[in-house]
Structure formats: structure tokens, C-alpha cells
Amino acid sequence: MSSRLPRRLGFGRLEPWQRNQYIVVATVALAQVGSDLTQPFIALYVRYLGVTDLTEASRWSGLVVGAAPLCSALMSPLWGSMADRFGRKAMVLRALLMISLMQMAQALVPDVHWLLAARIVLGMFAGFSTMAMALAVSLGPRERMGQAIGMVQAAQLFPTAIGPTIGGLLSDTFGLRTNFFVTGLMLIIPISVMYFLVREGDYAERVERTSTRPVRGRAAWRSQLAVPGFAAALGILFVARFADRALPPILPLFLSELDTPRAQLATITGLVVSAGAVAAACSATLYGRRSRPENNRRLLIIALSGGALFSLLLGIATSWQQVLVLRFVLGLLAGGSLSLGYTLGARLGPPERSGLTLGILASCAQLGSASAPLLGGVLGGIGLHVVFLVNAAAYLVALALAAFGARTPRPPATQELASEPEA
């Protein structure tokens, strides 16, 4: 059976499914650059809209930033189910168009109440990342699922190193509203590329033709949640996303506590955040290339173990140079845990329900992302070192789930054959 697997091609000799996957990844990267032009400056925009009191501005910033991922977490399974019925490419285009419109709407809001409303609508009707992941997975052979998910995750992480810098320059030069306009216009490029260049079909259609009639509605949700090991995958994604998102809000305060030169504090904070993002993107790519059904759980255990260890070491760092190095190593080791968790859970679902499967997984991850800043702020009030200890404990919980809760039976031979390309 292994002789029927598609061989790895060299650069410049791409099969159609590989070309389509790379276009999807480039689309995700462009969309993420646009997001990074606006996301880091929400707090400043809230004050620009008239919320001058710092306490009120902080409260409104938390609501505005958290509204979109929370609503997206609630809606992701629905959009995933619709993608399985009406096509993943159509859902990606719908999401991109909605993001473009709502970014421009945010540029025109008169006050913070309308900004919050725009963010709620954005979260409810976008769901871009999950749909892009489902599309990338469906375009290629199922045994390369880990590589596809890893590339999409990397495409979301790499722009973090450059997007905020560009956004800062635009804000300082032309004003905060400009960022939202530029983002909305930028998204026309990935929308056009996706519409004209990506052909949905080949592997996805072949697999779904050989599959039985798909289960839909509540029965599909129940059957997916009942799959052995799927609940553990949900827990791993929640905890891994929580651990990843808990650190950025407290890093500036932690660096300040380490007597980082005040004049360079913002620059050093940006350097630490960028180093972590680049390392995590490299990690997602490398783990994705190495991931196979037989070794995915082992790679996940390695990634989560590294996350626990280096979270502890970060908590006892004594200089910003140590924080920089440890954050980079933490990203290299644990940055791919999210893509490995997605791969673990996605392999447990049938090919014809990949959108719903990834939607449920994404909901759990986004809930972890939304809860991290809230709990991190509470823990930071007790002591900044406590956040790193809780982060290490979170990685250990995910490690236990990966080691003992994610053991799954080998899929039946018919399912493996259905996932292979025809001769």
C-alpha cells in the first residue's frame, strides 16, 4: 500500500494539489498581515474613539478584542458544517469578503459601541482560519494532512513579525483609521487569488465519492464527539492555545520588572514577541513535515514537554536577554503543538466531514485563546511569575491528555484506501 502514496516532489515540480495548497497558504499569510495591521492597536483606537479614562479604556479594549474570537468559537462548527455541504472554497471566499467589509466598517465607526458591534459581526460571520485549514486539508492526500495544517499555522504566525511594525508606521503617519481601510483593501488580493487560481476538487471529490452518505445535523456532532480520543484532542487544543496566548499580555510588565532599559522597553518587547512568533512558525512547519499518523502523538508529547520545561525556565529568568533566548526556544519546541493537536483531532473525523471536525476543534482552541488574557490578568495581579507556573502546569495537563487520553484505534483499512489517490 505504501507504494501507492504520492512521492515528495522537488521544487519546481509541483502537482496540482500542491500548487493549490501553496496558494491557500499564501492567501492565509496575506490575510494575517492585514489582521496584524489592526489587532495590536485596538486599545489605542478605543481611546481615539473617546474613551479617555484608562480603566474604562482597558475594559472596553478587552471586550472589543475578545468579542471576535468568542463569537467565532460559537460559530465555527456551523460554518464548518456548511463548508462540508456547499464547498470549502466558497466558505473561505465568504469569510474573506466579510472580513474585508467589517474592517472598513470599523474604520468608519463613530464610537466604541459601534466598534464592539462591528467586532461581534466579524466574529460571527467570518471564521476564515478554520475554513482555510479545511480547504488546505481537502486539496491534498490525507496522509499529508499534518503538513497542510502546519503550513496554514505557520502562515498565521510569520506575519506577526512584520504586521505590527507596518501597522505602527501607518498609524503614526496617517492615523489609526487608515489601518482598517488598508486591511479591507488588502484583502481584495487574496480574494482574487483564491477565486481565480484555486481549484477545489481532485482528492476531496474522490474521497467523498468513495465515502458513505455523510451524517448531518446534530447526529454528526454527536458522532464526532463520541469518537475515541476526540475529547482529548479538544482538551489539548484548549490548553495549548491558552498557554500560547497567556504570555504576550504580561511580557512587557515582566521585562520591566527585570530592569530592562526603559528607553528600549517597547523595542525589546517587540523583539521578544517577534522572536517567539518566528520560532513558532518554524516549529509548525517542521512538525507538520514530520507528522505522520504513526508518529503524530509522539511529536505532540515532545512539543508539550518542551513547553512545560521552558515555561518554568522563563519564570526564573533574570534578564531580558535570557527571556529573549528562552522565548525563542519555547517557540521552537512548543510552537507546533497547536498544529499537531489539530492534526490529531482532524484525523479522527471522516474526510467528508473535515469542515465540521476542524470547526469543532477550532471552537475549543478559540475558547482557550479568549480565556487566556482574562485569567492571565488575574494571575498577573498575584505575581507575574505565577503566570509562567500556571502556563507550565497547563502544558503538563495537555501532555497527560496526549500521553493517556489520545490513544486511538487504528483506522480500518477501507478508510485508509479511501484516502489514497486512484492509480
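Listed values, structure above:
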{"quantity": "Subset of region 133-171 (residues that are in contact with a Ser or Thr (Cβ under 7 Å, 6 or more places away or on another chain) and aliphatic (A, V, I, L, M))", "calculated": "A134, V137, M145, I149, M151, A154, A161, L170"}
{"quantity": "Cβ-Cβ under 6 Å pairs, at least 6 apart or on other chains, region 186-207 side open to solvent by less than 10 Å² (accessible area, probe 1.4 Å), far side at pLDDT below 80", "calculated": "none"}
{"quantity": "Selected residue (criterion: farthest from the chain's Cα centre (by Cα)) from residues of region 395-406 that are modelled with pLDDT under 90 and either more than 28 Å from G331 (Cβ to Cβ) or part of a helix (DSSP H, G or I) (or both)", "calculated": "F404"}
{"quantity": "Residue within region 255-268 that is among the hydroxyl-bearing types (S, T, Y), crowded, with 16+ Cβ neighbours inside 10 Å, within 30 Å of F41 (Cβ to Cβ) and under 18 Å from the mean Cα position of the chain (by Cα) present", "calculated": "no"}
{"quantity": "Residue that is modelled with the lowest pLDDT, among those in region 123-170 that are surrounded by fewer than 23 Cβ atoms within 10 Å (Cβ to Cβ) and of a type in the set (A, V, I, L, M)", "calculated": "A161"}
{"quantity": "Whichever residue in region 315-335 is at pLDDT 90 or above and open to solvent by less than 20 Å² (accessible area, probe 1.4 Å) and, among such residues, is nearest to R298 (Cα to Cα)", "calculated": "A334"}
{"quantity": "Members of region 1-28 found to be open to solvent by less than 30 Å² (accessible area, probe 1.4 Å) and at pLDDT 50 or above, listed by number", "calculated": "W17, Q18, N20, Q21, I23, V24, V25, T27, V28"}
{"quantity": "Leading residue by the ranking (most open to solvent (accessible area, probe 1.4 Å)) among those in region 47-74 that are over 25 Å from the mean Cα position of the chain (by Cα) and among the hydrophobic types (A, V, I, L, M, F, W, C)", "calculated": "L54"}
{"quantity": "Residue in region 37-57 that is in contact with a Pro (Cβ under 6 Å, 6 or more places away or on another chain), in a helix (DSSP H, G or I), more than 20 Å from I360 (Cα to Cα) and at pLDDT 85 or above present", "calculated": "no"}
{"quantity": "Cross-chain or 6+ apart pairs with Cβ under 7 Å, region 346-357 first and in contact (Cβ under 8 Å) with a residue 40 or more places away in the chain, then open to solvent by 20 Å² or more (accessible area, probe 1.4 Å) and part of a loop (DSSP other than H, G, I, E, B)", "calculated": "R347/P293; L348/V227; L348/T408; P350/S211; P351/S211; E352/S211; E352/P214; R353/P214"}
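The values are calculated or read from the model by the stated rules, or taken from the named source; none is laboratory data. Since the model is a prediction, treat every value here as computed from it, not as a measurement. Neighbour counts run over all protein chains shown; Cβ positions are idealised from the backbone, glycine included. Ligands, DNA and RNA are excluded from the accessible area calculation, which covers all protein heavy atoms including side chains. Shrake-Rupley method; radii C 1.70, N 1.55, O 1.52, S 1.80 Å.
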